[in-house]
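Values in this text are rule-based calculations from the coordinates and carry no lab data. Predicted, not measured: the structure shown is a model, and the values here were computed from it. Don't worry about glycine lacking a Cβ; one is built from the backbone with ideal geometry, like all the others, and counts go over all protein chains shown.
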Amino acid sequence: MLDSVLQEGINEVIGTTHLNAAPMGVILRGGRHTLALFKGSHTAENIIRDGWFVANLIHDPVIYVVSAFGDLPDDTFATETIDGTPMHRLAAAEAWIAFRADVIGESSEAYSILLTPLKEEMLQHQIHPVNRGFNAIIEAAVHSTRYIMNHDPELEWLIRHHLALAKKCGGEREKEAAGMVEGLIREFVVEESI
Ligand SMILES: Cc1cc2nc3c(=O)[nH]c(=O)nc-3n(C[C@H](O)[C@H](O)[C@H](O)COP(=O)(O)O)c2cc1C
């Protein structure tokens, strides 16, 4: 097996599939990589059709928010041909790892995906000091993807809490990402009340 750039536990990466990107949690336990993949996303559709997935490591909170709620332009992607198959990764990834992706389980809501590493590359060697603002954006984004579906007031409270932390502890990119999440939530609340 390849030496994974990922660590034991859940790695919140940007997952790329055919010209698509979205935050995804790659689970690494006992040397095995898996993904709990909810049905209905472009990522799920592409993985089922194409059988590959790339985990991108990138420390940019804005990319997490934009890719969670919208689409990145096509020129965000770079193509890597692995075992004869063209696969898309983020051009700006600090590191990436390409996987073969096989369905090993299915419920009414989600697939369980086994990821088999094919190739990995580390493009940048940067240190990222621990920053609560960056982590808070990840939390706010996770809660927001659920909030826009169920409008749970408890989630709204958590999102606001994490946005406040992001603004207090983050740098400019965290503040920009926080503003984007705030805008999305506001838009959603207005749409719901019409
Ligand atoms: C940090 C983070 C982690 C996520 N992890 C997963 C995951 O492991 N599995 C999943 O199905 N969705 C996950 N999501 C939700 C997807 O990113 C979200 O549904 C997204 O809109 C899918 O985009 P797509 O339609 O372009 O694939 C996560 C979201 C965030 C913000």
Calculate the dipole size of the chain relative to its Cα centre from +1 charges on Lys and Arg beta carbons and -1 charges on Asp and Glu beta carbons; express the result in debye to the nearest 20. 380
Label residue 127 and residue 29 with points 7 Å out from Cα along Cα→Cβ: what is the distance between them in nm? 3.3
Sorting check: for 70-79, 27-36, which peptide has the highest mean count of neighbouring beta carbons within 10 Å, and how do the rest follow? 27-36, 70-79
So, with points 7 Å from each Cα along the Cβ direction, the residue 79-residue 39 label distance in nm works out to 3.3
So if R0 is 22 Å, what FRET efficiency would residue 187 and residue 109 give, r being the distance between their Cβ atoms, rounded to the nearest 0.05? 0.30
For the range 80-191, what ratio Rg/Rh do Cα atoms give with a Kirkwood hydrodynamic radius? 1.07
What share of Cα pairs, in percent, lie more than 31 angstrom apart in the chain? 18
Could you check which residue among 66, 130, 103 shows the biggest mean-square fluctuation in a GNM of the chain with a 10 Å Cα cutoff? 130
What residues qualify as long-range amide H neighbours of residue 72, i.e. H under 5 Å apart, gap of 5 or more or another chain, H built at 1.01 Å from N? 21
So the pair-distance distribution of the range 58-121, from every Cα-Cα distance in 5 Å bins, comes to percents of 4, 14, 19, 19, 21, 18, 6, 0
Put one equal scatterer on each alpha carbon of the range 132-193, apply the Debye formula with no solvent term, and list log10 I(q)/I(0) at q = 0.15, 0.19, 0.27, 0.29 1/Å to two decimals. -0.38, -0.59, -1.08, -1.19
Just how far, in whole angstrom, is the range 35-110 from the range 10-33 if you go by their alpha carbon centroids? 7
Give me the Å³ per residue figure for the convex hull around the C-alpha atoms of the range 9-122. 100
Residue 49-residue 145 pseudo-label distance in nm [points 7 Å out on the Cα-to-Cβ vector]: 2.0
Net lengthening on full extension, residue 157/residue 7 (0.36 nm per residue, minus Cα-Cα): 51.0 nm
Lys, Arg +1 and Asp, Glu -1 on Cβ, resulting dipole of the range 132-193 about Cα centre, debye, nearest 20: 340
Output ³J(HN,Hα) for the range 107-113: one whole-Hz value per residue in order, computed from phi by the Karplus curve 6.51 cos²θ - 1.76 cosθ + 1.60 with θ = phi - 60°, and x for Gly and Pro. 10, 5, 9, 8, 10, 9, 10
